[in-house]
1. Is it the case, given these coordinates, that Gly49 is in the same structural domain as Met205 (by TED's automatic domain parsing) and within 22 Å of Gly159 (Cβ to Cβ)?
2. Assuming Arg278 fulfils every condition listed in (1) under 27 Å from Leu77 (Cβ atoms); (2) within 16 Å of the ligand (Cβ to nearest atom) apart from one, which condition is it?
3. May I ask you to list the residues in the range 54-92 that are of a type in the set (D, E, K, R), away from the ligand (no atom under 14 Å from the Cβ) and modelled with pLDDT of 95 or more?
4. List the number of the failed condition for Gly209; all other conditions in (1) loosely packed, with under 12 Cβ neighbours inside 10 Å; (2) at pLDDT below 95 hold.
5. Consider the range 44-80. How many of its residues are part of a helix (DSSP H, G or I) and either in contact with a Leu (Cβ under 6 Å, 6 or more places away or on another chain) or among the basic types (Lys, Arg) (or both)?
6. Does Arg16 fit the bill of being in the same structural domain as Glu187 (by TED's automatic domain parsing), outside any helix (DSSP H, G or I) and charged (D, E, K, R)?
7. Show me the strands (runs of 3 or more DSSP E) found entirely inside the range 179-296 where at least 2 residues are in contact with a His (Cβ under 6 Å, 6 or more places away or on another chain), in contact (Cβ under 8 Å) with a residue 24 or more places away in the chain and under 24 Å from Leu47 (Cα atoms).
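The values are calculated or read from the model by the stated rules, or taken from the named source; none is laboratory data. Please read these numbers as outputs of a predicted model, since none were measured by experiment. A quick note on method: Cβ atoms are made from the backbone with ideal geometry, for glycine too, and the neighbour counts reach across all protein chains shown.
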Amino acid sequence: MTDYMIRATAANDAIRAFAATTRQMVEDARLAHDTTPVCTAALGRLLTGGVMIGSMLKEDRALVTLQIHGDGPAGGLTVTADSHFHAKGYVNDPHVQLPLKPNGKLDVSGAVGRGTMTVIRDLGLKEPYVGTIDMPSGEIAEDLTYYFAESEQVPSSVGLGVLVDRDWSVKQAGGFIIQLLPETPDEVIDSLEKKLASVSSVTTMLEAGMTPEDILQELLGEFGFEVMEKNEVSYYCGCSAERIEKALISIGPKDIQEMIDGGEPIEVGCQFCAKKYRFDIPDLKRIYDIQIRSKR
Ligand SMILES: [Zn+2]
């Protein structure tokens, strides 16, 4: 498997940790949306965080959606992940280009801007759990760290990184989430904080050839960590003509009638994977009939 994530525990189960390598997943997102480097980095970080958060969901059909509404030129980002190590997402404007920051890094916070991050956990119950924070940085990892502390009351450290090559392909992508459970002893917290402050960035570690296991060994080795699970992760949409048709049905008979009157087949693109679905006039008439019948 090229892309995978691990789940681990450390310090006698007082710490839970996740680490992932997601180069192919982020490259697939880039190819689907034709993202510029700064948008590849922003979306790749959110996808990597999302797939790890999705894996925390225990319910079979659970979904987590991460929505960023920012005032930067990218406009906003959406990522949805399931509990089976799949994630998908898009950037409102995937073609934003910005100069590099003085430190040579892609200016993700410049593209995202100031705004909010909303995390929607849909566990298949009547109401989803929704938490919204004001993003402290727009760099995404810090924002997720803040989300966990504020909205879920779980002290966490999130590291996410995407390295884009000169030809705009994804060279490295990955990340980690480390969470402290309430019983974590103070001395463990102190030494973990020192450790986190001293390690290099996720992309530097990945570029040095480190695997997710190596990254957690580096961060948590002194606390005795144990890998509990290892799973392949991937960019996966799961859209179908049926689902797109449902979306068309929901837009109302007046609009469908206009499309029928237009006399041309229509093409609907999936937001997440850019796959195109074509609806001919007989399909549109069938959809219209369904709408009219359901109104009676
Ligand atoms: Zn799709």
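1. Yes; evaluated as a whole, the condition is true for this residue.
2. Among (1) under 27 Å from Leu77 (Cβ atoms); (2) within 16 Å of the ligand (Cβ to nearest atom), Arg278 violates only (1).
3. Selection gives Asp71 alone.
4. That leaves (2) as the condition not met.
5. Of the residues in the range 44-80, 5 are part of a helix (DSSP H, G or I) and either in contact with a Leu (Cβ under 6 Å, 6 or more places away or on another chain) or among the basic types (Lys, Arg) (or both).
6. Yes; evaluated as a whole, the condition is true for this residue.
7. Where strands (runs of 3 or more DSSP E) fall fully within the range 179-296, none carries at least 2 residues being in contact with a His (Cβ under 6 Å, 6 or more places away or on another chain), in contact (Cβ under 8 Å) with a residue 24 or more places away in the chain and under 24 Å from Leu47 (Cα atoms).
Per-residue answers, yes or no, for (1) within 16 Å of the ligand (Cβ to nearest atom); (2) at pLDDT 95 or above; (3) in the same structural domain as Ala41 (by TED's automatic domain parsing):
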| residue | (1), (2), (3) |
| --- | --- |
| Gln217 | no, yes, yes |
| Asp255 | no, no, no |
| Gly262 | no, no, no |
| Cys270 | yes, no, no |
| Ala274 | yes, no, no |
